[in-house]
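Notes follow the structure.
Nothing in this text is a laboratory measurement; each read-out follows from the coordinates by a stated rule. What you see is a predicted model, and the numbers here were worked out from it, not measured in a lab. Cβ atoms come from the backbone with ideal geometry, glycine included; neighbour counts cover every protein chain shown.
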Amino acid sequence: MQLTYSPYQLELKHPFTIAKFSRTSTPLILLQIEHEGYIGYGEASMVPYMGESHQTAAEYLSRVDVSQFRYPFDFDAIIQYLDSIAPGNPATKAAIDIALHDLEGKLKQQPCWELLGSDPAKMPVTSYTVGIDTPEVLVEKVKQGDGCRVIKVKLGRGSDKELINTIRSVTGLPLYVDANQGWTDLHESLDMTHWLHEQGVILIEQPMAKTDPDSNAWLTERSPIPIIGDEAVQRFPDVDKAKGVYSGINVKLMKSAGMHEAHRMIKRAGKLGLKVLIGCMSETSCATLAAAALAPQCDWADLDGPLLVSNNPFKMPRFMDGKWVLNDEPGLGLEA
Ligand code: MG
């Protein structure tokens with residue numbers, strides 16, 4: 001088995017601004033694992049606030065010994081091994097996990113979604129995200145999201161109502177909102193949830209600080225719209241901590257160290273009565289197809305990565321009626 005990788009800079013179509021920061025591109029690692037003539041593809045998307053970079057990925061990968069990986073893959077043991085090398089590095093671990101899932105599908109001649117027990121008919125629509133921007137640019141972005149059936153709006157910079165009103169002036173589509181921990185006052189936040197409910201908002205992501213479960217729980221108990229933990233929920237042990245604090249969790253492969261643990265998180269959330277939104281970072285078709293393989297097991301999807309970038313090195317997967325279409329190809333179904 002042989003692991004190779006290359007750094008890549010993924011360019012965004014528009015500068016992306018949320019409550020805490022703004023950026024125009026995202027560092028990636030594109031990774032391949034070769035075995036018996038088959039190649040599994042993986043990807044790490046390392047958004048700056050998560051603390052990973054081309055350098056940290058290179059350091060981590062220099063310590064990974066691929067002779068540890070034996071087919072058929074024991075993913076519990078593999079994740080344990082990857083965690084034993086160093087804590088953190090979830091996106092880099094995800095790149096390895098995704099490549100091994102792609103490889104497993106190719107070796108078994110089965111699509112990943114089938115190996116994971118997903119029903120393609122249950123694929124949820126994916127939202128199209130617009131960052132914080134001027135009204136003119138917002139209107140333009142919403143128009144570009146044509147083909148999507150849900151718009152996700154980034155809030156939390158103090159002009160939330162104006163932003164929603166601007167979007168409502170161009171579209172009546174259902175909305176997801178993400179405050180990225182930007183709300184601070186409990187009663188103002190509660191009023192906002194009621195106002196957003198009237199505006200056709202379906203869910204709210206991470207309204208208050210991830211370090212303040214009490215305030216998030218208070219709001220969840222009273223909000224007419226589900227409150228979803230994102231920044232507060234990274235890996236498997238965080239799912240149980242979300243119970244009683246949030247109505248649901250946002251699972252992302254770049255937080256969970258890949259598909260295997262994301263799948264475990266989704267199943268655990270179901271047992272605890274938590275809803276699941278499957279989300280993404282700025283990603284190519286590779287990580288998007290990996291998440292799409294699990295999306296039919298989730299309540300909502302926010303997998304718009306490839307729709308927001310300008311230099312996706314892979315072919316765009318089929319997108320129809322606002323949903324990614326899972327194909328019958330072995331592995332992820334990724335086309336170079
Ligand atoms: Mg979020």
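Quick rundown of the values:
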| read-out | value |
| --- | --- |
| Cα principal axis extents for the chain, largest first, Å | 58, 39, 38 |
| Extended-chain gain in nm, criterion 0.36 nm per residue less alpha-carbon gap, Met320 and Thr171 | 51.7 nm |
| Ranked packing of 166-179, 227-240, most packed first, by mean Cβ within 10 Å | 227-240, 166-179 |
| Per-bin percent of Cα-Cα distances, the range 2-109 [10 Å] | 14, 44, 28, 12, 2 |
| Simple spin-label estimate for Asp119 and Lys13 in nanometres, 7 Å along Cα-Cβ | 3.3 nm |
| Inter-centroid distance (Cα atoms) of the range 18-60 relative to the range 62-87, Å | 18 Å |
| Highest-first arrangement of 72-78, 112-118, where packing means the average Cβ count within 10 Å | 112-118, 72-78 |
| Relative contact order (%) - criterion: Cα under 8 Å, at least six apart; region: the chain | 21 percent |
| Ranked His263, His187, His101, criterion: other C-beta atoms within 10 Å, fewest first | His187, His263, His101 |
| Pair Leu272, Gln55: separation of 7 Å Cα→Cβ label points (nm) | 3.5 nm |
| Potential lengthening between Asp240 and Gln80 on full extension [0.36 nm per residue; Cα-Cα distance subtracted] | 55.6 nm |
